[in-house]
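The values are calculated or read from the model by the stated rules, or taken from the named source; none is laboratory data. Owing to the predicted nature of the structure, the values given are computational and were not obtained by experimental measurement. Quick reminder, even Gly has a Cβ in these numbers, built from the backbone with ideal geometry, and neighbours come from all protein chains shown. Accessible surface is based on the protein model in full, side chains and every heavy atom, while ligands, DNA and RNA are left aside. Shrake-Rupley method; radii C 1.70, N 1.55, O 1.52, S 1.80 Å.
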Amino acid sequence: MRYLARLLVIVWTFARFGLHDLALSGFRQRRVRLLRRLVAGGRTWQQPRGERLRLALEHLGPIFVKFGQVLSTRRDLLPGDIIEQLSLLQDRVPPFPAAQSRALVERAFGRPIEQLFASFEAEPVASASIAQVHFATLPDGREVAVKVLRPGMLDVIDDDLALLRTLAGWVERFSADGRRLKPREVVAEFDKYLHDELDLVREAANAAQLRRNMDGLNLVLVPEMHWDLCSSEVIVMERMSGVPISQLQRLRDAGVDIKKLARDGVTIFFTQVFRDGFFHADMHPGNIQVSLAPATFGRYVALDFGIIGTLTETDKEYLAQNFIAFFRRDYKRVAELHIESGWVPAETRVDELEGAVRTVCEPHFDRPLKDISLGQVLMRLFQISRRFNVEVQPQLVLLQKTLLNIEGLGRQLDPELDLWATAKPFLERWMDEQVGWRAFVGQIKKEAPRFAQIFPELPRLLHDSLRRRAEGHERELLLALLNEQRSTNRLLRVLLFVGLGFTVGLVLAQILVRGGWLN
């Protein structure tokens, strides 16, 4: 009943903000127009459609807000007025009261806020779907950012996820095509990452790992965590200064090379995915800034590490090989990889899958990013995947979402960016490091400490092995001799018994003859 109540809330919210009118406005059929008027009931809405959509998503909670954040990067799919409103969901969700925020901080650390900080700004600098951020100063003068989890989030998210699981179960039960898409596994993956995001200590650990991974790349800054002030509901981190990446004119006026910024974004993404298998999976513009400080001018500033994607070595290898095959237009290899990885049934004909992939991808090569929509490419691939029974890989859902975010960001920064040409050298170098001569040398270097420990022990280990082998041979020989001796003893006992019996028999026969008993 609770799930049914939530479903009714969703339907009522859509009707309240007139989203049915927004969804049906593009249809010209008479029946659809009649349905639109019936549902509206004579009501009209003064607010623009984009604002109504944003307010509805805010009203429905974190999951719907995140959905709006993803849509806000897709300027190729949605009108500008809707994009403008959805962009406000990135860091301008209505905040919760400052007094409540102070109380949560004091409860998390068991001390008054005046003892924790020299100053604490009551007005949040950013407010998102899961938490909000306040600026503060530590007693030693260091400037920090305090992230506070929204109260009551767990119950709201659990209700929405339970509803999504129910809907996914219906899809799998009543749709053969839906079963192929594994909706319940996808929801389970979404469930995992959302609950991870509700544990701010996990977010702090993600940031620390990403900071180590990106150290030396000199392209992105990640805030340092203050671990003595981190809990599951509140974390304190280094305060980062930068200009939101969506403020392009301000960045241009400051002298930032926007085209280089776009190329650096692609490099960062592919480095995190294919080198580390650990990537920021919530890269909407609200979580990305650009540093204008002289020492770090033009570098990305990454924020909000609640959602992190991970890939296994097998996933990385297959993805890299697929990307390289795409870049080389080797569609046969793409088809073979899909069959080898089990993403399509083993009985699929390679030539048919090759032709289908070529039909989707070939028209998009040698074109600038402004003329390519990865969303449309993915949609075409989805249509083809239905024909060939391609199974959705739940562990790659976050990667697909992040790739769409990167495309939307790249489209804003440099519409002329050639995504393929920028990514191809990186992937080829990565593959060379994985399977070529560099891979062999790298593996030797990786195992060198272990070899250094083993080499001095080799003579002793060899001697022990030979001695054990010799002792083993001696033991085997001794056992063989003992077995032979036992066999000989048994044979001698048998011969002795036979001889004794024969002798006793002869003696008895002589006695009987001489006694006349046998006459």
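Ligands, DNA and RNA are left out, and with a 1.4 angstrom probe the accessible area of the range 246-359 is 41 Å² per residue. Going by accessible surface with a 1.4 Å probe and the largest first, Glu354, Glu238, Glu197 read Glu238, Glu354, Glu197. Remark: spin-label model distance Leu154-Asp199 equals 1.2 nm, labels positioned 7 Å along the Cα→Cβ axis. In the calculated pair-distance distribution of the range 180-293, the portion above 19 angstrom amounts to 57 percent of the Cα-Cα pairs.
Extending 7 Å from Cα along the Cβ direction at Lys192 and again at Gln115 yields two label points whose distance is 4.1 nm.
What is the range 127-282's relative contact order, in percent, from Cα pairs under 8 angstrom and six or more apart in sequence? Present the calculation step by step, with values, prior to reporting the outcome.
On the way: 151 pairs, mean separation 31.1, N = 156.
Reported as a whole number, the value is 20 percent.
Taking θ as phi - 60° and the Karplus parameters 6.51, -1.76 and 1.60, the scalar couplings of the range 198-207 work out to 6, 9, 5, 5, 5, 4, 4, 5, 4, 4 Hz in sequence order, x denoting glycine and proline. Stretching the chain fully between Thr312 and Arg212 yields a gain of 34.1 nm (0.36 nm per residue, less the alpha carbon separation). Just the protein heavy atoms count here, and of the accessible area of the range 214-327 at 1.4 Å, carbon and sulfur take up 49 percent.
Hey, what's the per residue convex hull volume over the C-alpha atoms of the range 92-228, in cubic angstrom? Each step should come with its number before you reach the end.
Numbers: hull volume 20.8 nm³, N = 137.
Considering the Cα atoms of the range 92-228, their hull volume per residue is 152 Å³.
For Val125 and Asp330 in one chain, what is 0.36 nm times their gap in residues minus the Cα-Cα distance, to one decimal in nm?
Values: separation 205, 0.36 × 205 = 73.80 nm, distance 4.88 nm.
Extra length available between Val125 and Asp330 comes to 68.9 nm.
Spin-label model, Ser241/Arg387: points 7 Å from Cα along the beta carbon direction are separated by 5.7 nm.
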